[in-house]
Structures are given as structure tokens and as C-alpha cells.
Amino acid sequence: SAVISQKPSRDICQRGTSLTIQCQVDSQVTMMFWYRQQPGQSLTLIATANQGSEATYESGFVIDKFPISRPNLTFSTLTVSNMSPEDSSIYLCSGLMRTGYNEQFFGPGTRLTVL
Amino acid sequence: QKEVEQNSGPLSVPEGAIASLNCTYSDRVSQSFFWYRQYSGKSPELIMSIYSNGDKEDGRFTAQLNKASQYVSLLIRDSQPSDSATYLCAVAKIDMRFGAGTRLTVKP
């Protein structure tokens, strides 16, 4: 399995502010993804973080709201911009292993509460 | 139709019984199939992956795949209270799609 770390682990933020979540993976990872998991729900893919270029966003997610960077192979950030209470969720970073078997492993997640 | 559907829960089984979790998927060209376990407040943990038709066993866990029926299942033998969690089915072609999850409770 891959070693994936995220920070912060949790935060409580005020409406209208922004939060940047950091994800660090080990070198066995090729692709990196960001997911959101709302309370009691399954995982929803926000975007694929592409190294050195713009992220690939899923339907319903836009760069202005969720800017993503991946400056190198093992590091990515997700920013939740202009937050509202509806953004309260767990945000998960995941990495696709280099093995070629499409296995993804998840970071511990960031629990975000927006007041 | 949802891309990945799991049998509705919650599922409750007594300790020592077999728990059976089911999943169907809509994209016939999907290549890889996974089961994740997620404890409350934790991130998903990969417990099984399967790529070809048939059964794959790992300890108390058996994954079964039938591509013709677009069906994948997870059997947990000798269920333990520590198996109580939400189990997520995931299907990958290029990116991964998750089912809604089935909450399993194993009662002592």
C-alpha cells in the first residue's frame, strides 16, 4: 500500500473563507485524486490532480471553487474557496499505485466544518 | 441507473455467520473491481481487488466476479464484531466509481 498523509486533519471555518488541504504521497503513486464524502454518503470524485498542469474536474465541480495544484509527483493541494455550510464534508486525497492494477489508497481525510 | 449499485443496508449478522455483500455495475468495459472497508470516522481501506471472473479468497474474505452479469460480491466468513463497518464497492475503467456502501453490523 501507499503512504498518504493529509493536513489538516480537521478544521472549522467561517463562511466566505478558504481552506487549503495538503496531500503528500510516497513515490509508488502515479495519479492523485481528490474526493468528497458528505455525511452518510459515498465518495464523490472532485478531480484528478495532474502534475504540472490544470486538474481534470468532474461534472459539478469547477476550478474557481476547488482550485487544485500538483507541483510535483508526490504533492498536491486542494483549496475549498468561498466556503458555505454546504461545503462541510470530509475531503479525501487518494493515490493510484504504480503497479498497474488500478489500486487506489486513501489518505486519512480532512474533516471540514463550515459555520 | 447508477454506475455502481450496492444492496441496500443496513445488514446485520450474528457473530460467526457469513456476511454477503453484493454490487452491480453498469459499464460493461470496467476492468478492475474493489472492496473497501470504512470504519466510522476513518478513510476507506482497500481489502480486496479482483480482475477476472471467478472467486478470489484472502483469509476470511472471498470476492466473486461475474462480468457477464456485471456483478461482484464479497463474502465474509466467520464474521466478527470488528468487521462492523461500511463496505464500499468500487469499479474502475480509467478512474474509480464508488457505490453508496452497505453498512454491516456483526452482533456478538
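Numerical summary
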{"item": "Strands (runs of 3 or more DSSP E) contained in the stretch A:1-95 and holding at least 2 residues in contact with a strand residue (DSSP E or B) (Cβ under 7 Å, 6 or more places away or on another chain) and either in contact (Cβ under 8 Å) with a residue 60 or more places away in the chain or away from chain B (no Cβ under 14 Å) (or both)", "result": "A:4-7, A:10-13, A:19-25, A:29-37, A:68-72, A:75-80"}
{"item": "Restricting the stretch B:3-59 to residues that are part of a loop (DSSP other than H, G, I, E, B) and within 13 Å of the chain's Cα centre (by Cα), the residue that is surrounded by the most Cβ atoms within 10 Å (Cβ to Cβ)", "result": "B:Pro44"}
{"item": "Whichever residue in the stretch B:17-43 is among the polar types (S, T, N, Q) and in contact with a Pro (Cβ under 7 Å, 6 or more places away or on another chain) and, among such residues, is nearest to the other protein chains (Cβ to nearest Cβ)", "result": "B:Ser43"}
{"item": "Residue that is more than 28 Å from B:Tyr87 (Cα to Cα) and either in contact with a helix residue (DSSP H, G or I) (Cβ under 7 Å, 6 or more places away or on another chain) or modelled with pLDDT under 95 (or both), where the choices are A:Leu43, A:Leu73", "result": "A:Leu73"}
{"item": "Identity of the residue in the stretch A:101-115, under 13 Å from the mean Cα position of the chain (by Cα) and more than 7 Å from chain B (Cβ to nearest Cβ), that ends up surrounded by the most Cβ atoms within 10 Å (Cβ to Cβ)", "result": "A:Thr110"}
{"item": "Residue selected from the stretch B:53-104 under the condition among the polar types (S, T, N, Q) and within 14 Å of another protein chain (Cβ to nearest Cβ), by the criterion nearest to A:Trp34 (Cα to Cα)", "result": "B:Thr86"}
{"item": "Residues of the stretch A:57-109 satisfying the condition of being touching a Leu at 6+ places or on another chain (Cβ under 8 Å), closer than 20 Å to A:Ile4 by Cβ and of a type in the set (S, T, N, Q)", "result": "A:Thr79, A:Ser89, A:Asn102, A:Gln104"}
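For every residue, the table says whether it meets (1) modelled with pLDDT under 95; (2) among the hydrophobic types (A, V, I, L, M, F, W, C).
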| position | (1), (2) |
| --- | --- |
| A:Ser53 | yes, no |
| A:Pro85 | no, no |
| A:Cys93 | no, yes |
| A:Glu103 | yes, no |
| A:Val114 | no, yes |
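The values are calculated or read from the model by the stated rules, or taken from the named source; none is laboratory data. All figures in this text were calculated on a predicted structure; none of them were measured in a lab. Every residue, glycine among them, receives a Cβ derived from its backbone with ideal geometry; neighbour counts consider all protein chains shown.
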